[in-house]
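Data first, discussion second: the structure below is written as structure tokens.
The values are calculated or read from the model by the stated rules, or taken from the named source; none is laboratory data. Given the structure is predicted, the values throughout are model-derived calculations rather than measurements. Cβ: placed from backbone, ideal geometry, glycine included. Neighbour counts: every protein chain shown.
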Amino acid sequence: MDTQQVQVYGLMAIAEEHQKTVKAVIDGLAQDRATLAKERSDAAKDAQQMAEMAVKVSKDSSEAIITLQKAVKEAVSVSVNDSHG
């Protein structure tokens, strides 16, 4: 084997190692991408649930305010009637 052939085989060996490294990096990136996609999907679901809960809390709060207003009106009415009666 002459010097050029040794150099070519050496370069081929280096290229193969680089290919293995690149493949490992690409595989890792693909896994990371899949994980991020799942996390993004989970975050979107969580955000939707939070938005739905916020709407429910707002509705429940509005209903509670109406109930409290009615109770205060009744209490004031009873108090006024008791003071006159």
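Among the candidates SER77, SER83, which residue alone is in a helix (DSSP H, G or I), modelled with pLDDT under 95 and surrounded by 10 or more Cβ atoms within 10 Å (Cβ to Cβ)?
Just one listed residue meets the conditions, SER77.
Yes or no: GLN5 of a type in the set (S, T, N, Q) and at pLDDT below 95? Taking the combined requirement at face value, the residue satisfies it.
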